[in-house]
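Peer 1: Pasting in a structure now, in structure tokens, and then I'll have a few things to ask.
The values are calculated or read from the model by the stated rules, or taken from the named source; none is laboratory data. Owing to the predicted nature of the structure, the values given are computational and were not obtained by experimental measurement. Surface accessibility is based on the protein's heavy atoms, side chains included, excluding ligands, DNA and RNA. Shrake-Rupley method; radii C 1.70, N 1.55, O 1.52, S 1.80 Å.
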Amino acid sequence: MAAYFHDDIAALRVLLHLMGTQEPGGTIRATQREIAAGLQLNRVHVNRAMRRVCALGLVHMVNRGVYQLNPQASLRGGTIEVHEPGRPAHRKPATRKVDQLELIEGFDEDPVIPAEFKQLILPGEPRRPKTEGR
């Protein structure tokens, strides 16, 4: 990334910031103003950097203030909360393990995911067989 963004240090800093502040599964909940404050950058520079990393398919804006890192770029797993209907509120939420390859496999069928984001799926990437319970 450093070699690719050698001419745009703001985009590199923004991308690294997003990678470092992501939730398991690659979700980032932050406004551009918050990102700018965290990096001590002008919001205009963050806006331009976000447009660039989004155009490259590294990040996808889900909603205002909610971004999704492409799993190829996020390099992170973990667990996420799973909301089960009927589960008592006083009980700890159920969780499920996030598998980056599983997320990538779902891209082809998801019409909401931009084509630039899908292009980062490596051709010939070995697909793991799905196991029961996933």
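Peer 1: Determine whether segment 10-32 contains at least one residue that is open to solvent by 60 Å² or more (accessible area, probe 1.4 Å) and more than 29 Å from residue 97 (Cα to Cα).
Peer 2: So far as segment 10-32 goes, no, none of its residues is open to solvent by 60 Å² or more (accessible area, probe 1.4 Å) and more than 29 Å from residue 97 (Cα to Cα).
Peer 1: Are any residues in segment 53-84 open to solvent by 60 Å² or more (accessible area, probe 1.4 Å) and either in a loop (DSSP other than H, G, I, E, B) or at pLDDT 95 or above (or both), and if so, which ones?
Peer 2: 64, 75, 76, 83, 84
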